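The block underneath contains the structure these notes are about, expressed in structure tokens.
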Amino acid sequence: MSTALELLWAEKYRPRTLDEIVNQREIVDRLKRFVKEKNMPHLLFAGPPGTGKTTAAHALAHDLYGEGYRQFMLELNASDERGIDTIREKVKEFARSRTPPDIPFKIVLLDEADNMTADAQQALRRLMELYSNNTRFILAANYPSKIIDALQSRCALFRFTPLSKEDVVSRLKFIADNEKASYDEDALEAIYDVSEGDMRKAINILQTAASLGKVTVDSVYRVIGMARPKDIREMIEVALKGDFTGARELLRKLMIEYGLSGEDVVRQVHREIFSADLKMPEELRVLVADYLGEIHFRIVEGSDDDIQLSAFLAWLSMMGRKYGATS
Amino acid sequence: MSKAPARLPWVIKYRPKHVDEVVDQEEAKSQLLTWIESWLAGKVPSKRAALLYGPPGVGKTSLVEAIVRDYKLELLELNASDYRRAEDIRKTVGMAAFRRPLFGRLLLILLDEVDGMSARGDAGGIEELLRIIPNTQNPIVLTANDPWQDALKPLREQVLMVQFKELTLNNVVGLLQNICNKEGIECDREALRYIAEKNMGDVRACINDLEAVAEGYGKVTMELVRALVRGRDKSIDLWRTLNGIFYAKEGWQARKAVLSSEEDYETLLAWLNDNIPNKYGDPEDAFRAWDALSRASLFLSRAKGGDWDFLTYVFDMMGPGVAMARKSGEILKNRYAYPSKITMMAKLREIRELRDSVAAKVAPRLGVSMATFKADVLPYLLIMFRQGDVERAAGMVVSYDLTEDEVQYLAGARAREIMRAAEKVRQELRRGAKAEATAKKGAEQPQERPAEKRGQLTLDLFGVPSQGASEAKKEGRRRSSRSSR
């Protein structure tokens, strides 16, 4: 059976060439022109997660250089690299490497570029100029507004939009058929609804639901529920009841079982604040968001996760008692 | 939270119940017993109070409790640090001191931690005690870690001083061994020795460490103990610092307590973090204390960023900030607890490492960052491994070349099942690959090689032209990339 070589479907069904990219028509057309002309400026790909920015960059490189394109493309991720110095070193080495036979430049793909500080972006700008004779940069970013003007003005901007319902559903259908997974049609629409145009997320949900059995609306929502640890909500509820100790016990369990960092916990708590499943007075939600933001800031500044989150839970238990919150 | 009914902490469970179970304090024992027996015989001794002193965890309170049990006395236990003002002492100790014994039983008044009373700015608690002691009709026992403070000088002259020594190493090791035997825990004697050495005769600390290691890992080996047990040889210092902060009346006292501590700031922060709930019962007090602690931690990170001028605010926040947070006046009597964070960190580190190594293998193949992978993909992978189809999970183990530890992290209880299935998949692939290789000797290898050359294992598998069993799979693959040809 085909299960022998199971991969994450998000990898397996990633388009390899520009032709295979079904959506983002205009973008693909413009990119194809670069391939034809064998030349291109620096590019800035902007758009929400899962809209195909990295995929488009790979497909572009593939069409430019052929199957072995990887030797002519350096892929870096701003959030994973340790600062601009490592990026500089890697780019420097890469720029000195072999150039492709009939195309005058190589490509540096810098993913999540909007996670770089303004200073690092300035350094990046100089880097781009330094190697512009034989290197083109593709910067991918979720929020183009976080890219400094000096960089934006040096790049051609491409805006990636969330995928349409038709695109997502037809792709999911293709994958499900191909994998011989059984599914309900409306389950695929449910997947679109919860994935908000993020193709990668949609495919992950499909594969997870399929691994549990038939893909139904129910199983889709079950997967979504499981992917967000419900302990987070429980932790908030326990704290709101005024039971600080119980809440902190849950916090520590979460951090250990899921290996969550302080920032991970903050993000997941944030997802819950305005959720209808979490019962609390509306005005308190705003206060929670505000204080959570403060805690988030303190964690990012480098202070101790455990202390910050304890402070947050202590605040929650105090406010919970004040408001007589929870149902 | 433990809902199990009778799960007692070992320090309580293995407290000596009888006088003869109190080890290694023979001198203190005979001194105190003579004194008590004199009371019992109706001869009121010249010193009507006894001060038991010595390092923490050597059995001061335990001995008193054992005497109470063996001699069938009545016990009134007070924590001195809670009753510092003269009127508090008069109301509690004073009342008890002149009470007639009930049912002919002798009433013993135990006043714990009197050195906590002597903090400056104190409202005459000690003076009140000095007035009560010469006239008390019932024996009063005081305990202290450090009786040599100036404030306690007049007290020292009025009481029977009973010294408790640090326990010998062998005695402590024997005691720990005994507990392990009773709990059915496998342990290295070397490891027990290590725990005993690190805690320098503080039996309570030793038992806490032993329990922490045994409970987390089911056994006590040298390796675990080295990683988890930190020396608590400064426990007196810590105890003094924490008391100095939690019981401070004015900001400067708390600040002084922090400044005079020998512990590093991080350790002190961790202790405060875990002990606020042991001292502050009022939720508003607790929140204010944590907010101050949270700001202390923030200033510390700024200071460590190179600007050491900020360090002074760290002291302000963790000392006075925590101390002045208590506005309700309420303070709990709970003992200080060893920060669980320190044991937790070892476990947490292990899990994070596994998570990162899975991310490093899979994220590049999806073209996403490690951070994105962990936030957006990993949750689904966890569900597939923990609850999804075993064969499919096994397939992914092979595709991404995951190690046993990584699978253990992803799949939890199902890890073994999945690893077995993965081994089967590997065998089949090897057999299939061999058969095919001999059938058509690498004829179409060059153009069959797929574009992505990232995965080591998958690359080889896909690179070998296949037939039969894996044909369906390949078909899907080709279709998805058909226009590239």
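Condition check ((1) more than 12 Å from chain B (Cβ to nearest Cβ); (2) in contact with a helix residue (DSSP H, G or I) (Cβ under 7 Å, 6 or more places away or on another chain)) across all residues:
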{"site": "A:I175", "(1), (2)": "no, yes"}
{"site": "A:N178", "(1), (2)": "no, yes"}
{"site": "A:Y183", "(1), (2)": "yes, yes"}
{"site": "A:D198", "(1), (2)": "no, no"}
{"site": "A:I205", "(1), (2)": "no, yes"}
{"site": "A:A209", "(1), (2)": "no, yes"}
{"site": "A:I236", "(1), (2)": "yes, yes"}
{"site": "A:L240", "(1), (2)": "no, yes"}
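Within 27 Å of the chain's Cα centre (by Cα) and within 9 Å of another protein chain (Cβ to nearest Cβ): does that describe B:L298?
Answer is yes for this residue.
Taking A:L127 as meeting all but one of (1) away from every other protein chain (no Cβ under 14 Å); (2) surrounded by fewer than 16 Cβ atoms within 10 Å (Cβ to Cβ); (3) more than 14 Å from A:F45 (Cα to Cα), write down the number of the exception.
(2)
For the range A:227-248, how many residues are closer than 18 Å to A:M318 by Cβ and of a type in the set (D, E)?
2
B:V64 fails exactly one of the following numbered conditions: (1) at pLDDT below 85; (2) in a helix (DSSP H, G or I). What is the number of that condition?
So B:V64 meets the others, but not (1).
Considering only helices (runs of 4 or more DSSP H) fully contained in the range B:366-417, which possess at least 1 residues that are closer than 30 Å to A:D114 by Cα?
Here the list reads B:378-387.
With (1) part of a helix (DSSP H, G or I); (2) buried (at least 17 other Cβ atoms within 10 Å of the Cβ) as the list, and B:A325 as the residue in question, which single condition is left unmet?
(1) is the only condition that B:A325 fails.
Pick out the one residue from B:P339, B:P364, B:P320 that is touching a residue at least 60 places away in the same chain (Cβ under 8 Å), within 30 Å of A:R200 (Cα to Cα) and surrounded by 17 or more Cβ atoms within 10 Å (Cβ to Cβ).
Result: B:P364 is the single residue among B:P339, B:P364, B:P320 that is touching a residue at least 60 places away in the same chain (Cβ under 8 Å), within 30 Å of A:R200 (Cα to Cα) and surrounded by 17 or more Cβ atoms within 10 Å (Cβ to Cβ).
Go through A:T86, A:T99 for me and flag whichever is assigned to a loop (DSSP other than H, G, I, E, B) and either surrounded by 12 or more Cβ atoms within 10 Å (Cβ to Cβ) or of a type in the set (K, R) (or both).
A:T99
In the range B:381-410, what count of residues is obtained for those that are closer than 19 Å to A:L212 by Cβ, at the interface with chain A (Cβ under 8 Å from one of its Cβ atoms), touching a residue at least 24 places away in the same chain (Cβ under 8 Å) and not hydrophobic (A, V, I, L, M, F, W, C)?
Residues meeting the conditions: 2.
May I ask you to verify whether A:L74 is within 29 Å of A:K36 (Cα to Cα) and at pLDDT 90 or above?
Taking the combined requirement at face value, the residue satisfies it.
Six or more apart or on different chains, Cβ under 7 Å: which pairs go from a residue in the range A:19-33 that's under 15 Å from A:F174 (Cβ atoms) to one that's acidic (D, E)? Could you list them?
Correct list of pairs: A:V22/A:D167; A:N23/A:D167.
Looking at the range B:372-380, can you tell me whether even one residue there is facing chain A (nearest Cβ under 7 Å), farther than 18 Å from A:V265 by Cβ, in contact with a Ser or Thr (Cβ under 9 Å, 6 or more places away or on another chain) and modelled with pLDDT of 85 or more?
yes
Give me a count of the residues in the range A:296-327 that are under 17 Å from B:N275 (Cα atoms), more than 8 Å from chain B (Cβ to nearest Cβ) and of a type in the set (F, W, Y).
Number of matching residues: 1.
Output the number of residues of the range A:226-239 satisfying the condition of being in contact with a Ser or Thr (Cβ under 7 Å, 6 or more places away or on another chain) and either within 18 Å of B:A289 (Cα to Cα) or surrounded by fewer than 17 Cβ atoms within 10 Å (Cβ to Cβ) (or both).
1
I'd like the full set of residues that are assigned to a loop (DSSP other than H, G, I, E, B) and surrounded by fewer than 17 Cβ atoms within 10 Å (Cβ to Cβ), limited to the range A:160-193.
Within the range A:160-193, A:T161, A:S164, A:K180, A:S182, A:D184 meet the criteria.
Scan the range A:269-286 residue by residue and report those that are within 13 Å of chain B (Cβ to nearest Cβ) and at pLDDT 90 or above.
A:H270
The values are calculated or read from the model by the stated rules, or taken from the named source; none is laboratory data. This one's a predicted model, so the numbers in the text were calculated from it and none came from an experiment. Using ideal geometry, Cβ is built from the backbone for each residue, glycine included, and neighbour counts are taken over all protein chains shown.
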